[in-house]
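Any read-out appearing in this document is the output of simple, stated calculations on the displayed coordinates, not a laboratory observation. These numbers were taken from a predicted model, which means no experiment stands behind them. All Cβ positions, glycine included, derive from the backbone under ideal geometry; neighbour counts span all protein chains shown.
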Amino acid sequence: QLQLVESGGGLVQAGGSLRLSCAASGRSFSSYAMGWFRQAPGKEREFVAGFRGSGGITYYSGSVKGRFNISRDNDKNTVYLQMNSLNPEDTAVYYCAARQIDKTSYDYWGQGTQVIVSS
């Protein structure tokens, strides 16, 4: 019942920046904790960044910490992923995901948006 749609992917030069957006609809944005995942070709999907809950505390994978920032706009039901200092290893399909605050797993997923970082 919760729908997620990612946007903002594209081609960017190494060292550049890109901001991804995830628009949520169908249910109240405040009922979920949001996160970002990515999957490179031939690789497993991995966690990138997320909110611990509704309090605004965030956490990141070690490979993106200090370079990426997750944020949200509750009025717009939108979550963002600001990606800075991009490198070719960041090339992947990025997925927006949502979980109910009282659960540990992510139950809702977007279709993904492609990010390609050229060297």
Stretched out fully, how many nm does the piece from I116 to D102 gain, at 0.36 nm a residue minus the Cα gap? 1.6 nm
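Using 0.36 nm times the number of residues separating S28 and N74, minus their current alpha carbon distance, what extension gain do you get? Don't skip to the answer; put the middle values down first.
Numbers: separation 46, 0.36 × 46 = 16.56 nm, distance 0.92 nm.
Difference between extended and current length: 15.6 nm.
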Relative contact order in percent for the chain (Cα pairs under 8 Å, 6+ apart) equals 36 percent
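Give a quick list of GluC sites (Glu not before Pro) in the range 1-54 that DSSP marks as loop, anything other than H, G, I, E or B, with at most 15 other Cβ atoms within 10 Å. All intermediate terms of the calculation are to be shown ahead of the outcome.
Values: sites: E6, E44, E46; in loops: E44.
Answer by residue number: E44.
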